[in-house]
Amino acid sequence: MVIDATISRATVLPPERAPGVNPGHARFYIEANVLGLIRGSSGVAAEIAYLADVPLDSRGKPPKLKRLRVMLFARPVPGKPGEVQLVRPDGQVAWSPALDAQVRAIAAEVVRPDAAPSITGIGSAIHVPGSLVGEGETTIFLQTPDQQPVSLTIIRRPGQQRQWSVSLSEVVTNTMGPVRPNTLLWYRLACSLPEALPQSSLESMGPADAAIAREDYRFVLDQLGPCDTDA
């Protein structure tokens, strides 16, 4: 679930009731009023409670959380409709208009019929040299759980910056262009692609073409940037 809520009460738990808390953090028992359920397969109570490990402030003291508006990434607690469990230690995030808009956009992407699929690996890769020196096109086919077609295309032209695009269609030329950061497709690629092309993807190419394909793949990774899901 993704929940928009305002904290109504936050109680710091003593150390004996908060095992495993990281240094510089305090564990809170938090009660919150739900403002809205952004995403979830079932409803959520109007008032919820949960545990959250929160960084101490600059003085080493637990921060004041009451009346703070937050966005929660959580799961239901079976048999306890008034409780939720954060899915990650940092599953409570201070609400902001920008964060709200970003999360709602991604939540809408997830439920679309043409949503970007999970990436499970890399299939074959092909590099076709052009007629001019330095010209060529690399196509890299990605693997998905349901065999949905996903491919990367990198185009080289003499004297120009390399261009890359992604296709979610069997027609490789039907590309979507570069991927916008902090979208579902960006997450699927940036957080799932391996650091290098596997040797099995390059078996159909000679050494020179394989080297170019590796460079083009590295170019895509650099363009995507790191999988920084906290950004």
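None of 77, 44, 54, 87 is in the same structural domain as residue 15 (by TED's automatic domain parsing), surrounded by fewer than 14 Cβ atoms within 10 Å (Cβ to Cβ) and of a type in the set (A, V, I, L, M) except 87.
Inspect segment 140-156 for any residue being in contact with a helix residue (DSSP H, G or I) (Cβ under 6 Å, 6 or more places away or on another chain), among the hydroxyl-bearing types (Ser, Thr, Tyr) and either crowded, with 18+ Cβ neighbours inside 10 Å or modelled with pLDDT of 95 or more (or both) and give the result as yes or no. There is no residue in segment 140-156 that is in contact with a helix residue (DSSP H, G or I) (Cβ under 6 Å, 6 or more places away or on another chain), among the hydroxyl-bearing types (Ser, Thr, Tyr) and either crowded, with 18+ Cβ neighbours inside 10 Å or modelled with pLDDT of 95 or more (or both). Across segment 202-219, which residue is nearest to residue 137 (Cα to Cα) among those that are assigned to a helix (DSSP H, G or I) and touching a helix residue (DSSP H, G or I) at 6+ places or on another chain (Cβ under 8 Å)? This residue is 213.
Output the residues belonging to segment 148-167 that are more than 21 Å from the chain's Cα centre (by Cα) and free of Cβ contacts under 8 Å to residues at least 60 places away in the same chain.
First, the residues of segment 148-167 that are more than 21 Å from the chain's Cα centre (by Cα): 153-163.
Listed by number, the residues that qualify are 153, 155, 157, 158, 159, 160, 161, 162, 163.
Of all the listed residues (93, 166, 84), the sole one being of a type in the set (A, V, I, L, M) and at pLDDT below 95 is 166. The condition (being in contact (Cβ under 8 Å) with a residue 60 or more places away in the chain and more than 20 Å from the chain's Cα centre (by Cα)) is satisfied by just one residue among 84, 77, 70, 54: 84. Can you tell me which residue in segment 89-119 is nearest to residue 1 (Cα to Cα), limited to those that are in contact with a strand residue (DSSP E or B) (Cβ under 7 Å, 6 or more places away or on another chain) and without any contact (Cβ under 8 Å) to a residue 40 or more places away in the chain? It comes out as 91.
The set of residues from segment 53-65 being among the charged types (D, E, K, R) and closer than 18 Å to residue 86 by Cα comprises just one member, 53.
The values are calculated or read from the model by the stated rules, or taken from the named source; none is laboratory data. Note that the coordinates shown come from a computational prediction; the quantities given were computed from them, not determined experimentally. Cβ: placed from backbone, ideal geometry, glycine included. Neighbour counts: every protein chain shown.
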